[in-house]
Amino acid sequence: AGKLADVVLGKDTLEGYVAGHPYFGATTGRVAGRISGAQFTLEGKTYPLEANNGPNCLHSGLKGYDKLVWAAETINDHGVDKLRLSITDPDGRNGFPGTVECTVTYALLDDNTLEIAYTASTDKTTPFNLTNHSYFNLKGSGKGDILGHEMQIFADSVATIDADATLQGRRDPVVAGFNDYREPVVLGSRELNINNADIHFFVDNGRTKLPKPAAAVHEPKSGRTIAGRTTEPGVQFYAGLFLSADGPEIGKGGVTYPAKGGFCLETQDYADSVNFPEMGGAILKPDEPFCSTTLYRFSAK
Ligand code: BGC
């Protein structure tokens with residue numbers, strides 16, 4: 001019906017972002033997600049990290065990539081204007097080895113696709129897992145919760161966690177009626193908890209050169225849809241379970257975002273690959289530059 005809405009959660013002002021928020025629109029790194037026990041051993045050396053989420057290090061501690069000021073420039077790539085952000089993340093920052101050079105490039109393509117392309121390189125082997133942590137609500141930012149959205153995730157297995165959300169180095173098949181989203185699931189038709197709505201899904205076909213479908217979301221009242229594609233082997237589906245858990249999270253327009261007021265589709269590798277190498281490849285090596293692409297295509301039906 002030609003009705004547009006702002007479908008991402010966020011703040012009205014820069015000051016609002018600086019005052020703190022749960023990763024609205026953020027690039028999360030150097031390691032998005034949880035490193036179990038907030039430490040790892042690499043090439044014989046043990047590296048302690050900040051435990052900021054129970055026993056785990058979440059999103060690299062309290063001063064991850066979301067807290068850095070990135071250098072911004074516009075580039076023209078084959079006729080398409082793009083925004084390129086870059087940082088240098090020095091050796092030892094947040095306890096990680098190696099200086100990492102990282103870029104994130106955003107483009108809005110002709111078919112209403114938001115393209116997010118990442119590159120990174122390092123001078124020492126380091127755990128590395130990047131994602132975009134945007135929260136979406138296809139009803140519109142501040143228009144209540146996401147219940148009623150139809151969620152589809154193209155994955156037949158999930159990363160097993162314990163009650164603290166600590167990764168267990170295990171992968172288990174999705175369970176019908178619980179965390180199986182291979183056919184669209186109406187959010188709210190089953191209880192949403194950390195085992196089905198804050199969990200890493202291993203996307204079918206693993207890491208790929210070209211982006212493949214990871215998730216598709218449809219909100220029937222507005223007709224809006226997002227199709228998510230990625231070269232990454234997984235996606236953390238987070239249904240905003242803890243929004244406003246520690247006090248009202250005031251968003252755009254002065255509206256308080258409720259719990260489940262937005263969902264994230266955080267395309268990524270298995271965050272704790274450094275402790276469980278058989279589970280994923282979230283490791284950056286000097287001779288193997290990283291590149292990765294995630295696409296969110298918006299449409300209506
Ligand atoms: C995590 C959630 C966490 C959220 C905001 C997600 O990536 O999986 O547990 O609450 O980020 O920090």
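The values are calculated or read from the model by the stated rules, or taken from the named source; none is laboratory data. The model shown is predicted, which means the values in this text are computed figures rather than measured ones. A quick note on method: Cβ atoms are made from the backbone with ideal geometry, for glycine too, and the neighbour counts reach across all protein chains shown. Note: areas computed on protein heavy atoms with side chains; ligands, DNA, RNA excluded. Shrake-Rupley method; radii C 1.70, N 1.55, O 1.52, S 1.80 Å.
Observations on the structure shown:
- Restricting the first member to the stretch 192-216 and to residues that are closer than 18 Å to A239 by Cβ and assigned to a helix (DSSP H, G or I), and the second to residues that are among the small types (G, A, S) and within 13 Å of the ligand (Cβ to nearest atom), the beta-carbon pairs closer than 7 Å and six or more apart or on different chains are I194/A165; A197/A239.
- Residue check for I87: free of Cβ contacts under 8 Å to residues at least 60 places away in the same chain, surrounded by fewer than 15 Cβ atoms within 10 Å (Cβ to Cβ) and among the aliphatic types (A, V, I, L, M): no
- Test: residue in the stretch 39-62 that is of a type outside the set (D, E, K, R), open to solvent by less than 20 Å² (accessible area, probe 1.4 Å), modelled with pLDDT of 95 or more and farther than 27 Å from A259 by Cα: yes
- All told, C291 falls short of being within 16 Å of the ligand (Cβ to nearest atom), out of contact with any Leu (no Cβ under 7 Å at 6 or more places or on another chain) and of a type in the set (A, V, I, L, M, F, W, C).
- Yes/no for F242 being open to solvent by less than 30 Å² (accessible area, probe 1.4 Å) and in contact with a strand residue (DSSP E or B) (Cβ under 9 Å, 6 or more places away or on another chain): no
- If you go through the stretch 96-115 and keep only what is open to solvent by 10 Å² or more (accessible area, probe 1.4 Å) and of a type in the set (A, V, I, L, M, F, W, C), you end up with L108, L109, L114.
- For the stretch 63-84, filtering for residues that are within 16 Å of the ligand (Cβ to nearest atom) and either open to solvent by less than 50 Å² (accessible area, probe 1.4 Å) or more than 23 Å from the chain's Cα centre (by Cα) (or both) leaves 3.
- Considering the stretch 30-40, the residues that are at negative phi, touching a residue at least 60 places away in the same chain (Cβ under 8 Å) and not in a helix (DSSP H, G or I) include one that is farthest from the ligand (Cβ to nearest atom), namely F40.
- Failed condition for D110, given (1) touching a residue at least 24 places away in the same chain (Cβ under 8 Å); (2) over 19 Å from the mean Cα position of the chain (by Cα): (1)
- For the stretch 250-270, the candidate set comprises residues that are open to solvent by 10 Å² or more (accessible area, probe 1.4 Å) and of a type in the set (A, V, I, L, M); within that set, the residue that is nearest to the ligand (Cβ to nearest atom) is A259.
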